[in-house]
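Here's the structure we're looking at; comments come further down.
The values are calculated or read from the model by the stated rules, or taken from the named source; none is laboratory data. Note that this is a predicted model, so its numbers are computed, not measured. Counting neighbours? That spans all protein chains shown, and the Cβs are built from the backbone with ideal geometry, glycine included. In case anyone asks, the SASA skips ligands and DNA or RNA and just uses the protein heavy atoms, side chains included. Shrake-Rupley method; radii C 1.70, N 1.55, O 1.52, S 1.80 Å.
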Amino acid sequence: MESPHSNEGNAFLFERNDGLTAEQKGVASIWSNFDDDLQGVDPAVSDYVLSRRVAYSHNDLPRYDLKHDEPDDVVIYKDIPYIGDGKRAHLLDVSIPKDALYRGCPIPVVLEVHGGAFIYGFKEINRSHAIALARKGYAVVSPNYTLYPGGDFIDEMEDLAKVVEWVQAEGARYLLDVDQMFATGDSAGAIDVLYLVAIEHNPDFAKLIGVAGHGARFKALGLKSAMTNLDNVFDRSATDTGGLVDGIRPFYERLQTRLDGTAYSTTRGLVAGMGIPPVWMATSTDDFLESSSLELGMMLRDNDVDHQLIDCRARRNQSLPHNFMVGMPWLPESVECLDSMVSFFDEHQAPRRTLLSSV
């Protein structure tokens with residue numbers, strides 16, 4: 001019997017329908033919940049979340065065979081609990097180049113936060129991207145975190161702050177250089193990264209939002225097809241790009257309560273006050289969130305923040321859809337963007353001060 005992951009036996013992956021076949025759901029469950037966490041949830045919320053998860057899975061399923069292999073030159077420590085409650089939402093992976101094990105020295109660490117509109121995906125959906133980063137010489141920490149409707153935006157921030165705490169406490173066991181920390185996020189994961197960095201870099205912001213930071217300092221950020229604007233949470237006349245706020249408005253209620261009326265209730269205010277490090281960004285003219293990256297680029301410029309923005313244009317009869325860099329890592333444009341992001345990170349590593357360290 002052929003494996004459903006083989007290139008010759010996966011025609012079902014390309015079948016488009018209103019739901020998922022048993023085979024499709026079996027494969028997609030590797031990287032997402034479907035109705036597993038929807039028991040007892042308001043039917044309107046449950047229907048919306050399930051429909052979105054199914055739609056996103058139809059995009060990801062055909063790509064799976066091209067992105068699930070694990071190469072011999074990367075070691076992946078899987079399903080490490082960063083909160084010991086037995087929940088899948090509180091597991092993380094660490095991917096490191098095998099060469100680092102042989103050499104035995106700490107290496108720069110990237111916190112890699114997956115997207116999914118706050119309702120979809122586990123760390124496994126970005127594993128090929130984490131592997132690609134590890135092959136460039138970085139240790140990559142890929143966490144799961146609480147998704148709606150199992151929690152809200154504040155719960156996500158608390159989870160990610162716990163990931164930072166875990167890196168600081170346990171990182172040395174996995175050769176993580178906590179003095180050389182970077183963060184990346186794609187789609188909704190990008191706004192998670194921005195808020196997390198604000199929590200870590202700005203104690204006043206952490207106090208307002210009610211999530212304790214741990215004093216981590218990120219050297220630079222990499223944002224891919226980024227959702228960067230939550231202004232509509234606080235002002236319904238503001239643009240809701242992609243409808244990513246209005247569809248799950250209860251998810252943001254505690255965030256709105258805690259930040260409404262403060263300087264941080266707009267993206268511009270957040271960028272100005274968070275202590276943002278240098279930022280690398282990639283989007284494309286086919287990306288429905290392209291404007292978010294372009295707007296953030298202008299805000300960074302206005303605040304004199306070092307940044308680089310790549311806006312790719314697809315070739316004739318091709319496309320570079322939302323999150324192409326993570327979802328389709330084999331594309332030439334994805335490879336070029338990855339190389340550019342890694343070069344940006346390399347440039348912003350702390351200089352080596354002694355023979356044995358880079359502090």
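For LEU133, the conditions (1) in a helix (DSSP H, G or I); (2) open to solvent by 10 Å² or more (accessible area, probe 1.4 Å) all hold with the exception of (2).
Hey, among the residues in the stretch 39-66 that are charged (D, E, K, R) and in contact with a Gly (Cβ under 8 Å, 6 or more places away or on another chain), which one's least open to solvent (accessible area, probe 1.4 Å)?
Within the stretch 39-66, the subset charged (D, E, K, R) is 42, 47, 52-53, 60, 63, 65.
Now narrow it down to the ones that are in contact with a Gly (Cβ under 8 Å, 6 or more places away or on another chain): 52, 60, 63.
Values: ARG52: 81, ASP60: 25, ARG63: 45 Å².
If we take residues in the stretch 39-66 being charged (D, E, K, R) and in contact with a Gly (Cβ under 8 Å, 6 or more places away or on another chain), then ASP60 is least open to solvent (accessible area, probe 1.4 Å).
Scanning the stretch 291-321 for residues that are among the small types (Gly, Ala, Ser), assigned to a loop (DSSP other than H, G, I, E, B) and in contact with a helix residue (DSSP H, G or I) (Cβ under 9 Å, 6 or more places away or on another chain) turns up just one, ALA314. Would you be able to tell me the number of residues in the stretch 255-264 that are surrounded by 16 or more Cβ atoms within 10 Å (Cβ to Cβ) and either under 22 Å from the mean Cα position of the chain (by Cα) or without any contact (Cβ under 8 Å) to a residue 24 or more places away in the chain (or both)? Qualifying residue count, the stretch 255-264: 2.
On the basis of being without any contact (Cβ under 8 Å) to a residue 12 or more places away in the chain, more than 21 Å from the chain's Cα centre (by Cα) and over 17 Å from ILE119 (Cα atoms), does ALA206 make the cut? Steps first, answer last, please.
Working: without any contact (Cβ under 8 Å) to a residue 12 or more places away in the chain: yes; more than 21 Å from the chain's Cα centre (by Cα): no; over 17 Å from ILE119 (Cα atoms): yes.
For ALA206, the condition - without any contact (Cβ under 8 Å) to a residue 12 or more places away in the chain, more than 21 Å from the chain's Cα centre (by Cα) and over 17 Å from ILE119 (Cα atoms) - is not met.
Scanning the stretch 287-308 for residues that are touching a Phe, Trp or Tyr at 6+ places or on another chain (Cβ under 8 Å) and either open to solvent by 60 Å² or more (accessible area, probe 1.4 Å) or more than 19 Å from GLU333 (Cα to Cα) (or both) yields a count of 2. Could you go through the stretch 68-77 and let me know if any residue there is open to solvent by 40 Å² or more (accessible area, probe 1.4 Å) and over 23 Å from the mean Cα position of the chain (by Cα). Within the stretch 68-77, one or more residues are open to solvent by 40 Å² or more (accessible area, probe 1.4 Å) and over 23 Å from the mean Cα position of the chain (by Cα). Does the stretch 275-283 contain any residue that is at pLDDT below 95 and touching a helix residue (DSSP H, G or I) at 6+ places or on another chain (Cβ under 7 Å)? Yes, the conditions are met somewhere in the stretch 275-283.
Give me a count of the residues in the stretch 78-98 that are open to solvent by less than 60 Å² (accessible area, probe 1.4 Å) and within 13 Å of ILE131 (Cα to Cα).
Let us first name the residues in the stretch 78-98 that are open to solvent by less than 60 Å² (accessible area, probe 1.4 Å), namely 80, 82-83, 89-97.
Subset that is within 13 Å of ILE131 (Cα to Cα): 93-97.
So the count comes out to 5.
Mind checking which residues of the stretch 120-142 are under 26 Å from ASP36 (Cβ atoms) and of a type in the set (Ser, Thr, Tyr)? Matches in the stretch 120-142: TYR120, SER128, SER142.
Here ASP36 meets each of (1) open to solvent by 80 Å² or more (accessible area, probe 1.4 Å); (2) farther than 25 Å from GLY327 by Cβ with one exception, condition (2).
Name the residue that is nearest to the chain's Cα centre (by Cα), counting only residues in the stretch 87-115 that are among the small types (Gly, Ala, Ser) and modelled with pLDDT under 95.
Kept after step one, since they are among the small types (Gly, Ala, Ser), are these residues of the stretch 87-115: 89, 95, 100, 104, 115.
Next, from what is left, pick out any that are modelled with pLDDT under 95: 100, 104.
Values: ALA100: 24, GLY104: 28 Å.
Of everything passing the filter in the stretch 87-115, ALA100 is nearest to the chain's Cα centre (by Cα).
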